[in-house]
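Contents: one structure, followed by commentary.
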Amino acid sequence: MTRYRLAIFDFDGTLADTIDWFRASFQDVIARFNLKPVTPEELEGMRGLSAREIMARLGVSTWQLPAIVNDLRKRKLTAANETSLFAGIPEMLADLQRIGVKTAVVSSDSEASVRQVLGPATALISRFDCGAAVFGKHWKFRRVARRLEARSAETICIGDEIRDIEAAKAAGMDSGAVAWGYAIPAALQAAGPTHFFNSIEEMTQRLAAAK
């Protein structure tokens, strides 16, 4: 049986190590948008919640969400020079290219920010579709697959949040959840991803294997 022909990656917390940046920026965002305050302990606890549950906890209204996402996007671009990929990511992307698995990035970040952090590894990515809405990733998943001529059955969408799993299911694609990102492993596993990856090495081996 054929292996995956396309792997679509989230960026923050999946390819890029932005967890500490998120923790440092979160209180500023809460203050700017007059959201409900949270303690550092409560913030860690929110890593087990879905995006909609987090919005409810913070008191984020639907009309506020685009402005908050845009603010975070600008902050990430400013911090791009200080952001690094997780160790092993460039090698993993190179391995996938070598065996013929196309890769794409779908992220709510700006493409400029993603490219800056990727650096030379940018050349290993077949397609970027950035600026995704919080709950609109499944449309971008389908568009990327169509433009790279990959069937849904041959595509896996990999991320570090519950909404990434939900978006993959909505797009009719397999999902992969990573243990090293924003959401805690137990919450991700409860969301029912097709695959759960404990390490970058495990992910590389699985994507290189036959289905």
Flag if Asp174 is within 18 Å of Arg52 (Cα to Cα) and at pLDDT 95 or above: no
Out of Leu85, Leu58, Leu65, sole residue that is open to solvent by less than 60 Å² (accessible area, probe 1.4 Å), over 19 Å from Val106 (Cα atoms) and either among the basic types (Lys, Arg) or in contact with a helix residue (DSSP H, G or I) (Cβ under 8 Å, 6 or more places away or on another chain) (or both): Leu58
Meets criteria (in contact (Cβ under 8 Å) with a residue 40 or more places away in the chain and farther than 26 Å from Ser152 by Cβ) for Ser107: no
Residue list for the range 29-51, filter: open to solvent by 20 Å² or more (accessible area, probe 1.4 Å) and free of Cβ contacts under 8 Å to residues at least 24 places away in the same chain: Ala31, Asn34, Lys36, Pro37, Thr39, Pro40, Glu41, Glu42, Glu44, Gly45
Members of the range 113-156 that are more than 14 Å from Ala167 (Cα to Cα), open to solvent by 50 Å² or more (accessible area, probe 1.4 Å) and either part of a helix (DSSP H, G or I) or of a type in the set (S, T, N, Q) (or both): Arg115, Gln116, Pro120, Ala123, Ser126, Arg146, Arg147, Ala153
Residue within the range 159-177 that is surrounded by fewer than 18 Cβ atoms within 10 Å (Cβ to Cβ), in contact with a His (Cβ under 9 Å, 6 or more places away or on another chain) and assigned to a helix (DSSP H, G or I) present: yes
Count - residues of the range 1-28 that are among the polar types (S, T, N, Q), farther than 25 Å from Trp139 by Cβ and surrounded by 16 or more Cβ atoms within 10 Å (Cβ to Cβ): 1
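The values are calculated or read from the model by the stated rules, or taken from the named source; none is laboratory data. None of these values were measured; they are calculated from a predicted model. Every residue, glycine among them, receives a Cβ derived from its backbone with ideal geometry; neighbour counts consider all protein chains shown. Only protein heavy atoms, including side chains, enter the accessible area calculation; ligands, DNA and RNA are left aside. Shrake-Rupley method; radii C 1.70, N 1.55, O 1.52, S 1.80 Å.
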